[in-house]
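Everything below concerns the one structure shown next.
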Amino acid sequence: MTTKSKLGGLLLAVMAIAAIALHAQTQTSAATASQAPNPATTVGNNATIAATPAAIRQSGEDPVAVGRGAESYASAGCASCHGATAKGTNVGPDLVRSPLVEDDKKGELIGPVLSAPHPTGGQKINLTEQQISDIAAWLRVQVYGAAMRDTYSYLDIVVGDPQKGEAFFNGPGKCNTCHSVTGDLAGVGSKYQPPQLQGLWISGGANARFGRGRGRGLLTANGGLLADTTPPEITNSTVTVTVTLADGQKFTGIPVSIDDFHVAFRDMSGAYHSFDRINGYPKVEVHNPLQPHWELLKNLTDDEMHNVTAYLVTLK
Amino acid sequence: MKTRELALGLVLVFAPAAILAQGVTDSMLLHPPANSWPTHHGDYSARRYSSLKLINDTNVQDLSLDWESRVTGGTPAEEPANPRGNNVRVAGSPLLVNGMLYFTANDNAWGMDARTGRIMWHWYRESTGPEPVTSNKGMGMYGNWLYFITRDNNLVSIDATTGAQRWIVPVADPRQYYFSTMAPIVIKNHVIVGTGGDSLDLSGFVQAHDPETGEIQWTHYNTPREGEPGFDTWPNEYAAAHGGGGAWVQGAYDPGLNLYYYGTANPNPVYAPQSRKGADLFTSSIIAINPDTGKMAWYYQASPHDTHDWDAACDTVLIDGTIDGKPRKLLAQASRNGYFFVLDRTNGKKVVAVPFVDTLNWSKGLDSRGEPIPNPEKEPSLGGSLAWPNAGSATNWPPPSFSPETGLFYVGTGEGYAVFYLTDTDEHPEGYAGIESSLGEGPGSIKALDYKTGKIVWRHDWPAGGDAVGLLSTAGNLLFAGNESDLVAFNARNGKILWHAGLLASPNAPMTFMLDGKQHILVFGGDTAYNFVLNVPAPKATAVKK
């Protein structure tokens with residue numbers, strides 16, 4: 001929610017105003033839901049959760065039309081029955097889970113509904129074709145925003161106690177045995193958003209899996225591939241491998257792929273090697289500096305996680 | 001039944017005998033001959049076990065390639081399966097009937113000569129709808145007709161000889177975010193398919209269709225409506241009617257009990273619990289239904305009130321076993337939530353329920369029904385809840401295997417964790433309503449479990465991790481499995497690796513069959529079929545005296 005665009009903020013404001021303004025309006029009649037009625041409670045209680053700016057962007061709808069649609073949805077009084085985010089109320093059906101809305105392209109399906117006395121037996125709502133089209137665009141964004149999880153936004157995830165987090169960091173968590181809040185973690189609270197920061201600190205920031213990939217070469221401008229022979233960059237989270245041949249020859253490098261039958265790696269000079277694995281040779285030892293994170297997480301409580309995150313957030 | 005019997009009778013009178021000899025019959029489905037693989041799992045038990053043993057633990061090292069054959073889709077249908085191939089991934093097992101292989105990828109179906117790898121026909125139709133492509137599991141067959149479901153929920157019947165489409169009938173509305181993956185199962189005169197969807201809170205269901213016309217015979221929703229059993233586990237009908245519980249995999253059938261078994265998917269909204277307080281039956285459950293009526297006989301809920309996307313839509317494997325010296329009709333499932341379940345398949349009563357992963361942290365034990373008790377503290381929350389396994393899960397839809405020879409249940413597993421966040425605190429959340437942040441994927445293994453106890457008899461930890469993989473076990477004391485791009489043969493009793501072959505992409509679940517006196521091991525890696533046999537020298541040339 002911290003990254004909401006101005007447009008998203010405007011939408012929320014419009015919806016909130018609409019919800020408040022329309023709450024007092026007289027309800028005419030209960031509309032019929034396409035399936036079982038949604039027993040949503042009061043109008044406006046869901047005003048805080050709506051499609052995100054990412055939903056508007058990714059849905060492909062015209063953001064200007066969507067903005068106008070939000071205004072028309074509000075001014076026409078739609079929210080009084082269907083709710084500020086169109087999820088429905090006890091008097092109006094859910095429009096997000098509505099097949100009619102899901103199938104509408106330019107208002108051609110919801111238009112006739114809106115043009116007729118609506119709800120049935122009620123007053124005719126005077127809307128221009130443009131307004132109907134805009135409302136349809138706004139509704140499709142609500143559908144898209146509910147359905148497509150890559151458009152979701154985190155809420156405020158900082159729920160822990162920073163003092164307890166600091167105590168855990170320097171105590172039972174043993175975080176300070178490898179990390180320093182004035183060293184490698186200095187300023188992490190400014191560098192990352194809290195959800196990203198929480199994910200980074202618990203995982204150590206890397207995924208220790210490496211498959212049998214086709215190599216990690218360098219693409220050329222014409223689509224070719226150059227073998228990567230640059231010396232690998234070793235950080236404090238880099239997984240390394242030691243490979244010892246039957247004759248005692250030993251290599252250290254970063255794994256390219258390891259399975260039961262082969263091992264492939266690039267040594268510290270950047271040179272690539274691969275060996276068959278036969279009868280236990282070569283010996284392959286993987287060193288994962290993030291193993292302590294893995295072990296910590298098996299017993300980490302959610303409170304401890306939240307507290308440490310709350311503490312790290314303060315490291316501005 | 002009567003109509004079909006009459007129709008069959010007419011066919012018997014008028015059709016040439018050669019045509020009748022071709023298709024799949026009830027008898028073949030009940031007792032598949034060695035030269036067939038007429039259902040997605042080879043037979044109704046879903047054991048993925050073959051009694052063939054020409055290829056066995058003494059000669060598997062000589063297994064070699066007979067042919068490989070690559071298919072090309074109508075249009076790009078999946079993420080690239082391998083850099084050298086196209087975008088097709090054949091994820092389900094083919095059928096093998098009368099020397100022909102029949103298989104699907106999204107929007108595509110093929111018929112292929114199993115002796116040569118020659119593509120005989122190719123069917124293509126582009127799906128519509130907003131849902132992304134997934135893994136289509138394959139086909140069912142009856143007579144000379146093939147059945148499969150498209151991503152956008154159309155059941156298709158095509159002629160197995162020519163690939164010509166006979167009919168296509170809608171099963172669910174893709175605009176509502178329904179999508180489909182399941183290989184249909186043919187039981188008597190019912191073609192049973194399932195569907196569901198997580199994005200916009202649907203009601204998953206299975207549905208029986210007439211094999212001749214495609215007409216709907218019955219529909220069984222996996223969540224109840226008011227007045228039906230299980231309704232009291234939902235706060236209201238709106239929640240239940242939008243409560244999820246899709247059907248993704250084929251399931252199994254016991255002809256003696258006349259029960260069809262399958263696992264249901266997780267409830268909806270996926271990660272938000274507040275609008276569906278209660279157990280949310282019959283989501284994340286193992287269900288037995290009468291295939292003639294669609295009526296439920298019993299259920300067992302693997303994840304009551306799931307909030308982690310741990311569906312129970314993994315395969316349900318039928319085991320005729322012995323518990324405490326008594327013969328028992330059992331059903332086993334390694335579930336996405338990390339539990340291994342063995343049930344009495346006559347009544348759904350728990351026999352075994354134990355974790356098969358090392359790191360499970362969400363359960364507070366078993367309740368009086370023998371079902372896991374979820375820890376509410378591990379539900380998705382504003383600040384995040386750290387749960388093992390992650391939503392990718394301890395295992396998944398790639399099918400496990402059970403060998404009656406070894407008494408071992410084989411499953412591909414992974415260990416991993418995720419932080420589950422609630423992103424919609426509304427009283428009526430919609431969609432997933434949360435974010436799963438999967439951060440760690442650790443060890444991955446093949447595990448061999450004693451079905452009587454769930455104890456791990458052997459395990460093979462892959463050097464670079466692994467996940468759920470499709471399996472095949474045989475009477476030759478072999479277990480075939482995939483890891484990364486390798487197809488690997490294990491000694492089924494002790495887990496020792498005996499053979500492997502590097503493919504171009506991750507293998508699907510292998511299958512085996514006899515053709516012309518040879519046993520074949522057939523596997524797909526992405527878009528390419530690989531057919532392995534014990535190659536023997538060609539007949540010697542006859543010397544010609546001059």
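Within the stretch B:229-241, being buried (at least 17 other Cβ atoms within 10 Å of the Cβ), more than 29 Å from B:G140 (Cβ to Cβ) and out of contact with any helix residue (DSSP H, G or I) (no Cβ under 7 Å at 6 or more places or on another chain) holds for B:T233, B:E237, B:Y238, B:A239. In the set (1) of a type outside the set (S, T, N, Q); (2) assigned to a loop (DSSP other than H, G, I, E, B); (3) away from chain B (no Cβ under 14 Å); (4) within 30 Å of A:Y192 (Cβ to Cβ), A:K106 fails one condition alone, (4). Note on the stretch B:310-352: among residues that are over 15 Å from the mean Cα position of the chain (by Cα), among the small types (G, A, S) and part of a loop (DSSP other than H, G, I, E, B), the one that is farthest from B:P255 (Cα to Cα) is B:G338.
Scanning the stretch B:252-282 for residues that are on the phi < 0 side of the Ramachandran plot and either assigned to a strand (DSSP E or B) or of a type in the set (G, A, S) (or both) yields a total of 14. Looking at the stretch A:91-102, can you tell me whether even one residue there is among the acidic types (D, E) and either within 9 Å of another protein chain (Cβ to nearest Cβ) or in a helix (DSSP H, G or I) (or both)? Within the stretch A:91-102, one or more residues are among the acidic types (D, E) and either within 9 Å of another protein chain (Cβ to nearest Cβ) or in a helix (DSSP H, G or I) (or both). Considering only the stretch B:405-418, I want to know if a residue exists there that is within 14 Å of chain A (Cβ to nearest Cβ), of a type in the set (A, V, I, L, M) and farther than 30 Å from B:A183 by Cβ. Scanning the stretch B:405-418, I find no residue that is within 14 Å of chain A (Cβ to nearest Cβ), of a type in the set (A, V, I, L, M) and farther than 30 Å from B:A183 by Cβ, so the answer is no. Among the residues here, B:G117 qualifies as modelled with pLDDT of 95 or more and within 20 Å of B:F480 (Cβ to Cβ). The condition of being within 14 Å of chain B (Cβ to nearest Cβ), outside any helix (DSSP H, G or I) and crowded, with 16+ Cβ neighbours inside 10 Å holds for only one of A:G205, A:G199, A:G173, that being A:G173. Could you tell me whether any residue of the stretch B:378-389 is surrounded by fewer than 18 Cβ atoms within 10 Å (Cβ to Cβ), within 24 Å of B:G470 (Cβ to Cβ) and within 14 Å of another protein chain (Cβ to nearest Cβ)? No, the stretch B:378-389 has no match at all.
Within the stretch B:254-262, is even one residue touching a Phe, Trp or Tyr at 6+ places or on another chain (Cβ under 6 Å) and surrounded by fewer than 24 Cβ atoms within 10 Å (Cβ to Cβ)? Checking the stretch B:254-262: not a single residue is touching a Phe, Trp or Tyr at 6+ places or on another chain (Cβ under 6 Å) and surrounded by fewer than 24 Cβ atoms within 10 Å (Cβ to Cβ). Filter the stretch B:233-273 for residues that are touching a residue at least 60 places away in the same chain (Cβ under 8 Å) and among the charged types (D, E, K, R) and give the result. Correct list: B:D254 only. Candidates are the residues of the stretch B:488-499 that are within 11 Å of chain A (Cβ to nearest Cβ) and surrounded by 21 or more Cβ atoms within 10 Å (Cβ to Cβ); the one that is nearest to B:A114 (Cα to Cα) is B:V488. The criterion of being on the phi < 0 side of the Ramachandran plot and modelled with pLDDT of 95 or more holds for B:L487. Looking only at the stretch A:286-316, residues that are more than 28 Å from A:S190 (Cβ to Cβ) and either within 11 Å of chain B (Cβ to nearest Cβ) or buried (at least 20 other Cβ atoms within 10 Å of the Cβ) (or both) come to 6 in all.
Taken together, A:I125, A:I132 contain a single residue that is among the β-branched types (V, I, T) and either without any contact (Cβ under 8 Å) to a residue 24 or more places away in the chain or not in a loop (DSSP other than H, G, I, E, B) (or both), which is A:I132.
The one condition from (1) away from chain B (no Cβ under 13 Å); (2) under 30 Å from A:P195 (Cβ atoms); (3) among the hydroxyl-bearing types (S, T, Y) that A:Y281 does not meet is (2). In the stretch B:355-365, the condition of being touching a strand residue (DSSP E or B) at 6+ places or on another chain (Cβ under 8 Å), touching a residue at least 24 places away in the same chain (Cβ under 8 Å) and under 30 Å from B:S51 (Cβ atoms) is met by at least one residue.
When the stretch B:182-228 is filtered for residues that are surrounded by fewer than 24 Cβ atoms within 10 Å (Cβ to Cβ), of a type in the set (V, I, T) and part of a loop (DSSP other than H, G, I, E, B), only B:T213 remains. From the residues in the stretch B:440-457 that are in contact with a Leu (Cβ under 8 Å, 6 or more places away or on another chain) and modelled with pLDDT of 95 or more, which one is farthest from the other protein chains (Cβ to nearest Cβ)? Among those that are in contact with a Leu (Cβ under 8 Å, 6 or more places away or on another chain) and modelled with pLDDT of 95 or more, it is B:Y451. In the stretch B:102-122, the qualifying residues are those that are under 18 Å from the mean Cα position of the chain (by Cα) and within 17 Å of B:T162 (Cα to Cα), and the one that is surrounded by the most Cβ atoms within 10 Å (Cβ to Cβ) is B:F103. The single condition from (1) more than 9 Å from every other protein chain (Cβ to nearest Cβ); (2) buried (at least 23 other Cβ atoms within 10 Å of the Cβ) that A:G145 fails is (1). A Cβ distance below 6 Å, combined with a sequence gap of six or more or placement on separate chains, defines the contacts here; from the stretch A:222-237, residues that are closer than 15 Å to A:A271 by Cβ reach residues that are outside any loop (DSSP other than H, G, I, E, B) in the pairs A:L226/A:L218; A:D228/A:L218; A:P232/A:I254; A:P232/A:R266. Meeting the requirement of 3 or more residues that are over 30 Å from B:G325 (Cβ atoms) and not acidic (D, E), the strands (runs of 3 or more DSSP E) wholly within the stretch B:384-462 are B:385-387, B:408-422, B:434-450.
Taken over the stretch B:86-119, residues that are in contact with a Gly (Cβ under 7 Å, 6 or more places away or on another chain), assigned to a loop (DSSP other than H, G, I, E, B) and within 16 Å of B:P184 (Cα to Cα) amount to 4. When residues in the stretch A:74-88 are screened for being over 28 Å from the mean Cα position of the chain (by Cα) and on the phi < 0 side of the Ramachandran plot, 6 of them pass.
From B:G502, B:G470, B:G517, which residue is within 14 Å of another protein chain (Cβ to nearest Cβ) and either more than 25 Å from A:I254 (Cα to Cα) or over 22 Å from the mean Cα position of the chain (by Cα) (or both)? Result: B:G502 is the single residue among B:G502, B:G470, B:G517 that is within 14 Å of another protein chain (Cβ to nearest Cβ) and either more than 25 Å from A:I254 (Cα to Cα) or over 22 Å from the mean Cα position of the chain (by Cα) (or both).
The values are calculated or read from the model by the stated rules, or taken from the named source; none is laboratory data. Here the structure is a predicted model, which means the values were calculated and not measured. Every residue, glycine among them, receives a Cβ derived from its backbone with ideal geometry; neighbour counts consider all protein chains shown.
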